[in-house]
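In what follows, a structure is listed as structure tokens, so that the remarks can point back to it.
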Amino acid sequence: MPVPSASADGTKAQLSAQSLVGAVIDASLDAVVIADDAGMILRVNPAAGAIFGHALEDMIGQSIGAMIVPPHMRAAHERGMARHAATGEGRVVGKRLELDAWHAEGRTFPVEIQIEQIALGEQQVYAAFIRDLTERKAMEAEMARQRAQLHQQEKLTALGALLGGVAHELNNPLAVVIGRAAILEDALAGTPDERDIVKLRDAANRCHRIVRTFLAMAREPRPMQGQVNLNELLAGTLEFSGYGLRNADIAVEVDYDPAVVAIPGDHDRLVQAFVGLITNAQQALADHPGPRRLRVATALHDTQVQVTIADNGPGIDDAIKDRVFEPFFTTRAFGEGGGHGLAIARGVVESHGGAIAFESKRGQGCAVLVRLPIDPAPAGDAAR
Ligand SMILES: Nc1ncnc2c1ncn2[C@@H]1O[C@H](COP(=O)(O)OP(=O)(O)OP(=O)(O)O)[C@@H](O)[C@H]1O
Ligand SMILES: [Mg+2]
């Protein structure tokens, strides 16, 4: 049917409906694939070529099933076409569906598809309108990941606040128990009751250590206790851990940057954090056939001191990478680890305005990187 249109000089020109429809189909952002009732492709538009990765001429005359339906769905596709041809019924025609399609590179990708049946005189043709959902799906997945991460963060913050509160409440009565136990220990020295009071004092001290752990984990805000030189602090920490490292046959390599300056920090809590990291490295190397290596290094980077604690052990599996900093997350056997080390280290480092991260691949060791700001005044800057 001729379609009238006006030209610039006002004279009527005739544009055939066929070429207008053809031009519209070709201009469509969605892929359009038109096939006959046997599933042979009659016409495709450039968007279809782009989305499916084929040259247009390669698609014409081919079976739609072989061209754009993933192999594992082809049999079902053929059955569906046959049923529709025989009975006029089908689960696909006239509906908007999200399916996997098949790319020329031999991979599936998500599409939204609507197939319409069009009667052309005696002949039936099928027109498929197809939209590539790859980007939308990737965006949705990324948003879901970020939502889950935020949820996890909120859970941790709530848990941290709870732990911090309980630990604070326990701290004062515990101090009384420890103090009184010390007085009683003196008073009962040499009597048969002395053993009992020593046990009591040891148990109270153990509780105190646990409470301190919880406080550290909860990132208890405490004013900085002084200036620490990380080179000296690490040398001291290694001395403390040295016996265990030597026993485990671990060669320790140190590389302290002499340019490292003293930074404001809480010496005891930083030692606690680094002992946890060194213990982790030592445990990671325990079953390693050797040679077993631990590297402790510092470096001055601009406004931060970076500490690296690296081992050549088994590394951290991708599957647990997102979880190792969680309080109580552990892969160790029951009774061997409480999942505190990294949670404490993160609590301590972040309360100093710093950041902690690790680089690890399964089988290729683990390097924990701690960055602490020289001037923590603009807190959090180091974490960026
Ligand atoms: N250097 C490392 N190499 C391989 N895996 C590690 C390393 N450091 C930590 N991990 C993994 O991270 C988990 C959590 O470590 P984290 O120090 O928080 O707890 P833990 O060592 O299991 O227990 P705790 O520190 O309380 O004794 C460990 O169970 C381990 O699976
Ligand atoms: Mg640990």
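Computed from the coordinates by the stated procedures, all read-outs in this text should not be read as laboratory data. On a predicted model such as this, the values are computed, not experimentally measured, just so you know. Virtual Cβ from ideal backbone geometry, glycine too; neighbours counted across all protein chains shown.
By the beta-carbon count within 10 Å of each Cβ, the least crowded to most crowded order of Met40, Met81, Met73, fewest first, is Met40, Met73, Met81. Tilt of helix 134-187 relative to the longest C-alpha principal axis of the chain, in degrees (0 to 90, nearest 10)? Roughly 10 degrees, rounded to the nearest 10.
A simple count of charges around Phe109, restricted to other residues whose Cβ falls under 14 Å of its Cβ and scoring Lys, Arg +1 and Asp, Glu -1, yields -2. Evaluating 6.51 cos²θ - 1.76 cosθ + 1.60 at θ = phi - 60° for every residue in the stretch 104-116, the Karplus couplings come out as 4, 6, x, 9, 8, 8, x, 9, 9, 9, 10, 10, 10 Hz, glycine and proline recorded as x. Comparing Leu215, Pro46, Met73 along the charge dipole axis of the chain, the residue lying farthest to the positive side is Leu215, per the Cβ-charge model.
Taking a straight line from the alpha carbon of Lys155, these lysines sit under 19 Å away, with near neighbours fewer than eight places off in the same chain left out: Lys321.
Packing, as the average of other Cβ atoms within 10 Å across residues, places the peptides 95-107, 55-67 in the order 55-67, 95-107, highest first.
Helical content of the chain, expressed as a calculated mean residue ellipticity at 222 nm, amounts to -15000 deg cm²/dmol (DSSP H runs of 4 or more residues, -39,500 (n - 2.57) each, divided by residue number, nearest 500).
The alpha carbon centroids of the stretch 144-189 and the stretch 267-299 are separated by 25 Å.
This ranking places Val254, Val69 by how few other beta-carbon atoms lie within 10 Å of each, fewest first, which gives Val254, Val69.
Across the chain, Cα pairs under 8 Å and at least six residues apart give a relative contact order of 10 percent. Placing unit charges on each Cβ (+1 for Lys and Arg, -1 for Asp and Glu) gives the chain a dipole about its Cα centre, and among His168, Tyr243, Ile113 the Cα reaching farthest toward its positive end belongs to His168. Computed from point charges on the beta carbon alone (+1 for Lys and Arg, -1 for Asp and Glu), the dipole magnitude for the stretch 139-217 about its Cα centre is near 160 Debye. Summing charges over all other residues whose Cβ lies under 12 Å from the Cβ of Met143, with Lys and Arg as +1 and Asp and Glu as -1, gives +2.
Beyond 16 Å, what share of the Cα-Cα pairs of the stretch 139-217 is found? Please give it as a whole percent. When every Cα pair of the stretch 139-217 is considered, 63 percent fall beyond 16 Å. Available extension along the chain between Thr303 and Ala357 is 17.7 nm, counting 0.36 nm per residue and deducting the alpha carbon span. Among 41-54, 281-294, sorting by the average number of other beta carbon atoms lying within 10 angstrom of each residue, highest first, gives 41-54, 281-294.
Within a straight-line Cα-Cα reach of under 25 Å, Lys95 can be paired with the following lysines, leaving aside sequence neighbours fewer than 8 residues apart in one chain: Lys137.
Rounded to the nearest 10 degrees, the inclination of helix 17-27 to the longest alpha-carbon principal axis of the chain is 10 degrees.
Peptides 257-264, 228-235 ranked from most to least packed, by the mean per-residue count of other Cβ atoms within 10 Å: 228-235, 257-264. Other residues lying with their Cβ under 12 Å from the Cβ of Val275 contribute a combined charge of -1, Lys and Arg counting +1, Asp and Glu -1.
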